[in-house]
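Data block below; observations after.
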Amino acid sequence: MRNSLILCFSRCVIILLNPRKNKQHYIFNSSRKAITTLAFAPDGKYVVTGESGHMPAVRVWEVSEHAQVAELQEHKYGVSCVAFSPNGKYIVSVGYQHDMMVNVWNWKKNVVVAANKVSSKVTAVSFSYDSSYFVTAGNRHVKFWYLDHTKTSKVNATVPLLGRSGLLGELRNNFFSDVACGRGRQSSSTFCITSSGLLCEFNDRRLLDKWVELRVSQSSGYRLQKKNVTKDMTPNYFM
């Protein structure tokens, strides 16, 4: 939710709901390709979407005008997740498993500044608070990707992304369905949730050193509050 709006999608339509005014607005994807993922910009002025189908685009939409302002194309088979960096400069997009690409865009210049391959199925991505790295999560997969801003600032020069796997230990066979990098006092931590209902914390050395069972049958996501981690399906649980 940004600027009192709730964001969701259905097929090729972005739905913007204002619960206070009980009004909805719609943005239609003119390509008619099904939207697969979306995310707000930090300032709430833009929305980024990914889509399915052959040669899918990462699209940026201006919320107030309900208009597309950028179309970014490098993926081949579909986009599984997207995110804005907290500084608003970059967008990261992760392709479907057969696409195997992680791209970092300077979206206002329509260029890929960093990229690399990923072999696992990835379902979630989250940027660190200072935009220096982001984390992907998926099937037996948690990976930390580091941005070298001295190199990514070069226009039209795509550099290899430096990736380091999270140290999963005895939980290595889990499906990590969502991820969120910490904020505030928890900025050195990264939180993941597994499909089996485990809430996990990685420390600043990428080590999964804490986890707790949430006692739910299945888990798909959670959110970070200013001081707490809150599980979406169990709102009374705090860490």
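The values are calculated or read from the model by the stated rules, or taken from the named source; none is laboratory data. Please read all numbers here as calculations on a predicted model, not as lab measurements. In this analysis, Cβ positions are derived from the backbone assuming ideal geometry, glycine residues included, and neighbour counts consider all displayed protein chains.
Annotations
- Strands (runs of 3 or more DSSP E) lying entirely in the range 76-145 (those with 1 or more residues that are closer than 15 Å to VAL179 by Cα, modelled with pLDDT of 95 or more and assigned by TED's automatic domain parsing to the domain that holds LYS33): 79-84, 90-95, 122-127, 133-138
- Within the range 21-33, residues that are of a type in the set (Gly, Ala, Ser) sit with their Cβ atoms under 9 Å from residues that are not in a strand (DSSP E or B), at 6+ positions apart or across chains, in these pairs: SER30/CYS12; SER31/CYS12; SER31/GLY53; SER31/PRO56; SER31/ALA57.
- Any strands (runs of 3 or more DSSP E) falling wholly within the range 184-239 and containing at least 1 residues that are over 19 Å from the mean Cα position of the chain (by Cα) and at pLDDT 90 or above: 198-202, 208-213
- Selected residue (only one of GLU51, GLU71, GLU62 is surrounded by fewer than 14 Cβ atoms within 10 Å (Cβ to Cβ), modelled with pLDDT of 95 or more and within 26 Å of VAL102 (Cβ to Cβ)): GLU71
- So ASP178, is it modelled with pLDDT of 95 or more and acidic (Asp, Glu): yes
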